[in-house]
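Shown next, in structure tokens, is the structure this report addresses.
The values are calculated or read from the model by the stated rules, or taken from the named source; none is laboratory data. All values reported here derive from a predicted model rather than from experimental measurement. Cβ atoms come from the backbone with ideal geometry, glycine included; neighbour counts cover every protein chain shown.
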């Protein structure tokens, strides 16, 4: 049985798994980018008391392995509160939390380190506030954060496979189940690897291209 | 006239400016000289309202104005060119707000500053001397009335410095008031209409360039004698 045979025989299951993975990723990416950026902005613009808890929690999360955090939310926390939550939502929540704090760290770093001299130049040359934000700050900050953000989102796509460990029917779990039926690990996991390469390599390549393209122009020296 | 009246400025407990009075007249070059750390750059930043004075007042043509840009504009030692824009875009972005003839004027500035072979480069693809000229052009295309320049020739060689300083005398002819912090005493002697000597956060002596030959205060005498040794 070839990879193609497996894909053609089991494509409905693969498509279901793929759609679950994509849904999971859309939630993780969307919430991470939106809430993470908002958190970073709040940390910079608002008083210290607003930004500090976010930084503290981010620091705390950095010390907890993701899988422990995921299992902790899936088993003990639900047992403690005597609730049963769909594993998909538990996984989506856990990975979103990890992603949004990582996004917040990247965005906060870029905002914090933004060279003030470019804003001074904007002031003394009479740029409007809108021009300063949209023509100077935003393009420079986007150049700074886009490559690490893209790499982070690819890493989150990889990390979404952990959801299979709490029985979320995403693509890796589907592959495992098919393998349990027909035992063709080489073909099945090769197909899975090719799928991830096809999705992740272009994004990684784009991130690296952005990094080399834009950081070249950022140095004033 | 751009005037500073009895300006005081401190950072925490450290007094930087201690009752400074200066006037910068349109069509004149005022050169500020003095030892490092005497508040020259702070005075420039207060004059163009980038820093708020603790006491005293800044008057632009007799009026208080907390946002006088780009009528009063500045070029700093580090230039602050926006790195994601080409040199041409660096000049044109602010120019479009303030100069309806910007598209025409930039061509004149490209000629004046001999920038035609690098104007479409990015800042990091250009030499310091080239960026220096662009920073000046970015300020001038805004048709400012007063230009404040902070040691803009400090990183240039003798030839480039001479070229930039010659261009400054053109500004004077256009009626622009130039406030120039410089260590080039030779230029100050030749081109300045007014010398402002600062030490310890105060204007210790000011007057025509002749004061450099015949200083009246001990501090300027001492500075000039040390400057001769250093020259």
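With the condition kept exactly as written, say whether any residue in segment A:210-219 is assigned to a helix (DSSP H, G or I), closer than 21 Å to residue A:20 by Cβ and touching a residue at least 12 places away in the same chain (Cβ under 8 Å).
Checked segment A:210-219: no residue is assigned to a helix (DSSP H, G or I), closer than 21 Å to residue A:20 by Cβ and touching a residue at least 12 places away in the same chain (Cβ under 8 Å).
Among the residues of segment B:69-95, what is the count of those that are over 26 Å from residue B:58 (Cβ atoms) and assigned to a helix (DSSP H, G or I)?
Matching residues across segment B:69-95 total 7.
Among the residues of segment A:10-28, write down those that are touching a residue at least 12 places away in the same chain (Cβ under 8 Å) and closer than 12 Å to residue A:195 by Cβ.
A:14, A:17, A:18, A:21, listed by residue number.
What's the total number of residues in segment B:74-91 that are closer than 15 Å to residue B:144 by Cα and more than 7 Å from chain A (Cβ to nearest Cβ)?
2
Among the listed residues A:197, A:161, A:210, A:192, identify the single one that is within 14 Å of chain B (Cβ to nearest Cβ) and under 26 Å from residue A:95 (Cβ atoms).
When all the criteria are applied, what remains is A:210.
So that you can scan it fast, the table gives a plain yes or no per residue for (1) touching a residue at least 60 places away in the same chain (Cβ under 8 Å); (2) within 14 Å of chain A (Cβ to nearest Cβ); (3) within 20 Å of residue B:168 (Cβ to Cβ); (4) in contact with a strand residue (DSSP E or B) (Cβ under 7 Å, 6 or more places away or on another chain):
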residue	(1), (2), (3), (4)
B:71	yes, yes, yes, yes
B:97	no, yes, no, no
B:105	no, no, yes, no
B:117	no, no, no, no
B:132	no, yes, yes, no
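Would segment A:128-147 turn up any residue that is away from every other protein chain (no Cβ under 14 Å) and either within 19 Å of residue A:37 (Cα to Cα) or surrounded by 17 or more Cβ atoms within 10 Å (Cβ to Cβ) (or both)?
Among the residues of segment A:128-147, at least one is away from every other protein chain (no Cβ under 14 Å) and either within 19 Å of residue A:37 (Cα to Cα) or surrounded by 17 or more Cβ atoms within 10 Å (Cβ to Cβ) (or both), which makes the answer yes.
In this structure, does residue A:49 turn out to be assigned to a helix (DSSP H, G or I) and either within 14 Å of chain B (Cβ to nearest Cβ) or farther than 30 Å from residue A:23 by Cβ (or both)?
In short, yes.
Give me a count of the residues in segment B:96-118 that are out of contact with any helix residue (DSSP H, G or I) (no Cβ under 7 Å at 6 or more places or on another chain), outside any helix (DSSP H, G or I) and under 16 Å from residue B:132 (Cβ atoms).
The total comes to 2.
In segment A:89-122, what residues are within 11 Å of chain B (Cβ to nearest Cβ) and either in contact (Cβ under 8 Å) with a residue 40 or more places away in the chain or surrounded by fewer than 18 Cβ atoms within 10 Å (Cβ to Cβ) (or both)?
Within segment A:89-122, A:115, A:116, A:117, A:119, A:120 qualify.
For segment B:138-161, state whether one or more residues are facing chain A (nearest Cβ under 10 Å), in a helix (DSSP H, G or I) and under 28 Å from residue A:140 (Cβ atoms).
Yes, that holds for at least one residue.
Could you pull out the residue among B:186, B:129 that is modelled with pLDDT under 90, over 16 Å from residue B:73 (Cβ atoms), assigned to a helix (DSSP H, G or I) and outside the structural domain of residue B:65 (by TED's automatic domain parsing)?
Answer to the selection: B:129.
Take residue B:24 and decide whether it is touching a residue at least 12 places away in the same chain (Cβ under 8 Å), under 21 Å from residue B:62 (Cβ atoms), in contact with a strand residue (DSSP E or B) (Cβ under 6 Å, 6 or more places away or on another chain) and crowded, with 16+ Cβ neighbours inside 10 Å.
yes
I'm checking my understanding of the structure. Among residues of segment B:43-57 that are closer than 19 Å to residue B:198 by Cα and within 14 Å of another protein chain (Cβ to nearest Cβ), which one is surrounded by the most Cβ atoms within 10 Å (Cβ to Cβ)?
B:48
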